[in-house]
Every structure is written in structure tokens, then in C-alpha cells.
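What follows is one structure encoded as C-alpha cells, with my remarks underneath.
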Amino acid sequence: MTERTPPEVDRQAAARAAVAARRARAALKVQVARRERTALSVAEEGWAGERTDPAATLRVRELLLSVPGQGPLRVERTMERLGIARSKRVGGLGSRQRPLLAEYLRTRERPPRRTSRLVVLAGPTAVGKGTVSRYIREHYPDVLLSVSATTRPPRPGEVEGDHYYFVDDDTFDGMIERGEFLEWATVHNASRYGTPRPPIERALAEGHSVLLEIDLQGARAVKRAMPDALLVFLLPPTWEELVQRLTGRGTESPAEQQRRLDTARVELAAKDEFEVRVVNDEVGRAAAEVVDLLAVPGERA
Ligand code: 5GP
């Protein structure tokens, strides 16, 4: 009987497949090391699929070594304790070892880290959203605050490109047509305000958190467009305090003030739609609470 050697083409195809499998296993390890996914999810993928899948052919030792904070010595001890041989592959684990490894990883690993978050600060008229966001702009220069476009004229002291982009109606229409807004709305039945989309998408993609200070309808629209956004509702300490703030500002006519009061009453009722509520009793304290929300949990030591 003659020994059959595989034809040259088969050998080349097998070598290519082996290289691809090695690359796929390396990619899995990188994802775990960067906390983009958990080692547990890789193990579970290995147990759910084919015995030849990258997650199944990955050695348990390699998988454990890619978990941040795990050195060779600790991995060796862990494997000994779990009764897993050094050369074992994920897919080759028996029915007794799989739950042991899963349980170990579940208690050992933190969930994957998100690096950026969109926080939307909204609340009733005159609750002090603008004051809180101004305080954040001045005291926390690292916080990225989105600058809206508006058709209302600048108030004294307001700076183009800093507080708002002040644009005319035609320019605003053009921005809508070109899809440049994440959301836009007519506020207090008067001027239009819109949140430019590109700077926000860029910042989030680069891993920076972004703060938006917009009205309630805008917050709802952002949540629809970006469900991961965190909605924060700024509350007045009391209703009387809100009325005082609304009428005390003195920059609007009495008719405008009454219109804003009516809007505020309706808006206040929306507080339960929001994931987080912050009481604006003292601007510095409220600002610090909002800034804390921009830091993704687990990011800080
Ligand atoms: P003000 O004219 O006093 O600066 O702002 C009036 C209202 O417009 C505030 O409630 C503010 O939160 C809201 N606002 C500011 N920018 C935007 C925006 O881009 N979109 C929406 N929907 N509201 C905004």
C-alpha cells in the first residue's frame, strides 16, 4: 500500500487556513486585552460553535493571559486550581471544567469598558441649565460641550461659536437640508435651535464624552437617535424658586415670561422620563454632579 501525500494545492490551502486561524485567535486576545469584550464571552462563543472555530481552538492559557491584570504565574495557579491542563483548548474543555472556568471569569472580570458617553442636560425653563453649563465650561475646560446653532440674536456678552453659532433662517434651513443636525427644535414658539451632529460623532468616536445642554423635546430626539445617551434632568429646589428665577431674569417681556412659565409647568412633569435627576440647589455642586456623570463608570480608579 502506498502512503498518500496531499497534493501541493491542498497543502498550500491548509497552510493559509492555519495562518488565518492564528490571526483570528490573536484578534480575540487583543479584544480581551483592550476590554472590548470579555474572556467569558470568548469562552462561551467557543463552546457554542464548531470545534474548529477560533474561539474553540484558542488555548485556555492564552485566553486567561489576555485578561488585563493576569500574569503567567497567576494564570498557572488558576489553571491548576480549576484542574485544566496547560495545553487545553477552550473547545476541548469537558462538561465539569466549563462551568468552573465560566464562574471564575464571571467573578474575576469587569464588564468591557466604554470610553465615551453622550450626556444630555435638560430641564424646565429657567431652572439654570445655561448657568450650570456655563459653570462647567469655565471650571472644567476638559469637558466637551456641544455648541448649538440658533436663529435667536445674541444676548449681551454672548460669543459666536462659544455660546452658540448665531445664524439666520436661511442658514438654519440649509443645515437642516444637509442633515447637519442631530436634532433641532423651535423653542418657546420663537427661535430655532439645533445640535450640530458631526462634532459630536467625531468626539465620541475618539473616546471623549460630550455634554449637550438642550430643551426637553431635543433631549427626547437625541435619545431616539442615540439610545446610549444618558438623559439628565435638572430640577429646581422648589417650584417657588423656579418662578423666582423665571421672573427675576428680566431679559424677557411679561408675555414671554408667562409663556415660559406655562412651558416650565409642563416640562417639570417630564422628570420621570429621565434616567438621572440633579437638583440645582447650588450651581457648583450641581455642575460637579453632572461632570461626574460624564466619566464612564469603571474609568476612574
Ligand atoms: P436660551 O435662548 O435661553 O439660550 O435657550 C433657550 C432654550 O433652548 C433652553 O431651554 C436651551 O436648553 C434650549 N436649547 C439650546 N440649544 C438647543 C439645541 O441645540 N436644541 C434644542 N432642542 N434646544 C436647545
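Worth pointing out:
- Residue in the range 77-94 that is nearest to ARG34 (Cα to Cα), counting only those that are of a type in the set (D, E, K, R) and surrounded by 14 or more Cβ atoms within 10 Å (Cβ to Cβ): ARG89
- Residues of the range 155-164 satisfying the condition of being near the ligand (Cβ under 10 Å from one of its atoms) and either surrounded by fewer than 17 Cβ atoms within 10 Å (Cβ to Cβ) or small (Gly, Ala, Ser) (or both): ARG155, GLU158
- Boolean, ARG35 is in a loop (DSSP other than H, G, I, E, B) and open to solvent by 50 Å² or more (accessible area, probe 1.4 Å): yes
- If only residues of the range 215-229 that are more than 16 Å from the chain's Cα centre (by Cα) and small (Gly, Ala, Ser) are counted, the one that is nearest to the ligand (Cβ to nearest atom) is GLY218.
- Screening ALA203 with (1) more than 15 Å from the ligand (Cβ to nearest atom); (2) open to solvent by less than 30 Å² (accessible area, probe 1.4 Å); (3) farther than 23 Å from SER148 by Cα gives one miss only, at (3).
- Any chance ALA190 is within 12 Å of the ligand (Cβ to nearest atom) and either part of a loop (DSSP other than H, G, I, E, B) or touching a Cys at 6+ places or on another chain (Cβ under 6 Å) (or both): yes
- Residue in the range 230-249 that is loosely packed, with under 13 Cβ neighbours inside 10 Å and either at pLDDT below 85 or within 14 Å of the ligand (Cβ to nearest atom) (or both) present: yes
- Some residue of the range 135-150 being at pLDDT 95 or above and surrounded by fewer than 13 Cβ atoms within 10 Å (Cβ to Cβ): no
- Test: residue in the range 202-209 that is assigned to a helix (DSSP H, G or I), over 24 Å from GLU138 (Cβ atoms) and either touching a helix residue (DSSP H, G or I) at 6+ places or on another chain (Cβ under 6 Å) or at pLDDT 90 or above (or both): no
- Within the range 122-134, if we keep just the residues that are surrounded by 22 or more Cβ atoms within 10 Å (Cβ to Cβ) and among the β-branched types (Val, Ile, Thr), the residue that is farthest from the ligand (Cβ to nearest atom) turns out to be VAL132.
- Per-region count, the range 250-280, residues out of contact with any strand residue (DSSP E or B) (no Cβ under 9 Å at 6 or more places or on another chain), surrounded by 11 or more Cβ atoms within 10 Å (Cβ to Cβ) and part of a loop (DSSP other than H, G, I, E, B): 1
This table checks each residue for (1) assigned to a loop (DSSP other than H, G, I, E, B); (2) of a type in the set (Val, Ile, Thr); (3) open to solvent by 80 Å² or more (accessible area, probe 1.4 Å).
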{"site": "ARG51", "(1), (2), (3)": "yes, no, yes"}
{"site": "ALA55", "(1), (2), (3)": "no, no, no"}
{"site": "LEU65", "(1), (2), (3)": "no, no, no"}
{"site": "VAL75", "(1), (2), (3)": "no, yes, no"}
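- Output for the range 211-229, where each listed residue is assigned to a helix (DSSP H, G or I) and open to solvent by 60 Å² or more (accessible area, probe 1.4 Å): GLN217, ARG220, ARG224
- Close pairs (9 angstrom Cβ cut-off, 6 or more residues apart or separate chains): in contact (Cβ under 8 Å) with a residue 40 or more places away in the chain in the range 45-71, acidic (Asp, Glu) anywhere: GLY46/ASP53; VAL67/GLU109
The values are calculated or read from the model by the stated rules, or taken from the named source; none is laboratory data. What you see is a predicted model, and the numbers here were worked out from it, not measured in a lab. Please note: Cβ atoms are built from the backbone with ideal geometry, for glycine as well, and neighbour counts cover all protein chains shown. Side chains included, ligands, DNA and RNA excluded: accessible areas come from the protein's heavy atoms. Shrake-Rupley method; radii C 1.70, N 1.55, O 1.52, S 1.80 Å.
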